[in-house]
Amino acid sequence: MGIYSILDFGACGDGVTNDSGAIQRAMDACGIAGGGIVIIPAGRNYRAGSFEFRSNVELQIERGAKLISAHALEDFPHHVFARGPDVETRVWIRARHCQNIAITGGGEIDGQCHAFATEELPHIYRTVHWKPAMTCFVGCRNIRVRDVCLRNSAFWTLHFVGCEDIVVQGVSILNNLKFPNCDGIDPDHCRNVRISDCHIEAGDDCIVLKNTAPFADFGPTENVTVTGCTLVSTSSAIKIGSESCGDFRNCVFDACLISRSHRGLSIQLRDPGNVENVIFSNMTIETRLFHADWWGAGEPIYVTALPRTSQTIPGTIRNVRFSGLLCRSESGVFVKGHTPDSIQDVTFDNVRIMLEKRSKWNDSRHDCRPCAGPGITEQQPNGFYVENAQDVVIRNSQVVKGEHPAGYFGAALNIRSVGGFEHALCNFF
């Protein structure tokens, strides 16, 4: 196995010179030789624009090395990925139809998000109309991302499209909590995905499964496990959707800790795809309200199947289990379908909701964005709100008020147009 230092291919590592050419030459040489390790050596900062993986290449960013994003539009050439239009028109680190690739080493990758901001408000940044995704892997197999720190991404951080056999382990993603669209990890039409032992902070969703429309030919997102992660988000910590032009199935989320987030666990269907066979288990969830520029209303659990536009017919959510969840939040569980059969067979078992006012925001709202019609409506938050669903079970669960309950909290249980509803052995205030 060959080892290729980017310094041997002309990299300067002075933090000013664009070293993307040297990185690409090392990648190409490694790939042509049949594979190996491309080294970004410790002790220097390497500024770079776009570059692309080759099969059988491991990019090893050594501890003490930092790869820094360039800022200019010309540093990110316009690219059109196969089997989809130019959705990711600007991507920093990319791979197309590669096998056996990895990012490792313990060093840092810094997306320099502040270079793409135009205005800082107290609760959010306004940004330029184009922002580079930190990575995008399209149609790849056997991908490993381990033991690196990714920070300050200006757009999606780890985006996998139509990929199989993905492992993301021991990764820190430290994005700005006021920066929009800086998702942490986005498996999109992917299969056999394992995400574990990561710490993620993101203004947008931390871990979000997607099925975007331009890549629908890649098929469903399925066979996904997420375990042992700590998550902080100004949006949703864990989400399925809202891009759902394809099915999601066979997903397990377990033993994660969610704090300081706008939403905890979210299933958000807005397109024709379906969600089935999903388990969320053994978590602590802490959510709070943020400004309405961010989707959400402080819900620890959010399950909705609503049309994106007046022409959309959303899919169905079925066979979903929530168990062993301890939630402290400014709102409660929110479940809402478009029609009575949009959401089917959902069970909440051993779920504790503590309603407690903790933020400076005093909104009392339901937030269904994006959707046809009003996205935000003024509503009292309930412990459990369920509307338009079938076969919903709540058992061995609690709704209690914390030390600082808000005066606008509503009933512990609010059920509307639900067929086959059951609740047993519950303790509601």
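FYI, it's all coordinate maths here, none of it is from the lab. Only a predicted model underlies this, so the values are computations on that prediction, with no experimental measurement involved. Cβ: placed from backbone, ideal geometry, glycine included. Neighbour counts: every protein chain shown.
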Subject >> For Arg260, distant residues with modelled amide H under 5 Å away >> reply: Glu286
Original post:
Going 7 Å from the Cα of Asn45 toward and past its Cβ, which residues in segment 174-197 have a backbone nitrogen under 19 Å from where you end up?
Top reply: 174-176
**OP:** Take the alpha carbon atoms of segment 201-224, find their center, do the same for segment 1-62, and report the distance between the two centers in whole angstrom.
**Re:** 29
Original post:
Looking at Thr17, His129, His404, which one has the Cα that reaches farthest to the positive end of the dipole of segment 2-428 (charges on Cβ: Lys, Arg +1; Asp, Glu -1)?
Top reply: His404
Subject >> Backbone HN-Hα couplings from phi across segment 119-136 [Karplus 6.51/-1.76/1.60, Hz, Gly and Pro as x] >> reply: 7, 10, 9, x, 10, 6, 9, 8, 10, 5, 6, 10, 9, x, 5, 5, 9, 8
Original post:
What length, rounded to one decimal in nm, is gained on full extension from Ala72 through to Val252, with 0.36 nm per residue of separation minus their alpha-carbon distance?
Top reply: 60.8 nm
Subject >> Cα shape, segment 243-381, gyration tensor, a/c 1.5 rule >> reply: oblate
**OP:** Read phi for every residue in segment 165-177 and hand back ³J(HN,Hα) as whole Hz from Karplus 6.51 cos²θ - 1.76 cosθ + 1.60, θ = phi - 60°, with x for Gly and Pro.
**Re:** 6, 10, 10, 10, 9, x, 9, 9, 10, 10, 8, 6, 6
**OP:** Order these peptides, 330-337, 272-279, 405-412, 287-294, by their mean beta-carbon neighbour count within 10 angstrom, highest first.
**Re:** 330-337, 287-294, 272-279, 405-412
Original post:
At a Förster distance of 35 Å, what's the computed FRET efficiency of Asn100 paired with Ala292, Cβ-Cβ distance as r, to 0.05?
Top reply: 0.20
Original post:
Where does each of 123-129, 218-224 land if you order them by average Cβ count within 10 Å, highest first?
Top reply: 218-224, 123-129
**OP:** Once you've got the Cα coordinates, tell me which of Lys131/Lys357; Lys336/Lys401; Lys210/Lys360; Lys66/Lys210; Lys131/Lys360; Lys210/Lys357 are over 26 Å apart.
**Re:** Lys131/Lys357; Lys210/Lys360; Lys66/Lys210; Lys131/Lys360; Lys210/Lys357
Original post:
Counting each DSSP H run of 4 or more residues in the chain as -39500 (n - 2.57), what helix-only mean residue ellipticity at 222 nm follows after dividing by all residues, to the nearest 500 deg cm²/dmol?
Top reply: -1000 deg cm²/dmol
Original post:
When DSSP assigns beta bridges and you keep just the ones with both residues in the chain, what percent turn out antiparallel, to the nearest 5?
Top reply: 5
**OP:** Compute the separation of the alpha-carbon centres of segment 103-159 and segment 385-424 and state it in Å as a whole number.
**Re:** 38
Subject >> Relative contact order computed over segment 2-428 (Cα-Cα under 8 Å; 6+ residues apart), in percent >> reply: 8
**OP:** Starting from the Cα of Arg321, move 7 Å in the Cα-to-Cβ direction to define the label point; list residues of segment 268-283 whose amide nitrogen is under 16 Å from there.
**Re:** 276-283
Original post:
Going through segment 334-429, which GluC sites (Glu not before Pro) have at most 16 other Cβ atoms within 10 Å and a DSSP loop state?
Top reply: Glu403
Original post:
From the phi of every residue in segment 50-55, what ³J(HN,Hα) in whole Hz does the Karplus formula 6.51 cos²θ - 1.76 cosθ + 1.60 yield, where θ is phi - 60° and glycine or proline is x?
Top reply: 4, 8, 10, 6, 10, 4
Subject >> Cβ-placed point charges (K, R +1; D, E -1), dipole of the chain about Cα centre in debye, nearest 20 >> reply: 420
Original post:
Can you tell which of Phe53, Ala255, Ala305 lies farthest toward the positive end of the dipole of segment 2-428, using +1 and -1 charges on the Cβ of basic and acidic side chains (Lys, Arg; Asp, Glu)?
Top reply: Ala255
Original post:
Using modelled amide H (1.01 Å from N, peptide plane; none on Pro or chain starts), what sits under 5 Å from the amide H of Met354, excluding residues fewer than 5 places away?
Top reply: Cys327, Arg328, Ser329, Val400
**OP:** Please give the helix 20-32 orientation as an angle from the longest Cα principal axis of the chain, in degrees from 0 to 90, rounded to the nearest 10.
**Re:** 80
**OP:** Taking Kirkwood radius over Cα pairs in Å as the quantity of interest, determine which of (i) 21.5; (ii) 23.4; (iii) 22.0 was computed from the displayed structure.
**Re:** (iii)
Subject >> FRET efficiency for Arg144 and Phe429, using Cβ-Cβ distance with R0 set to 45 Å, rounded to 0.05 >> reply: 0.40
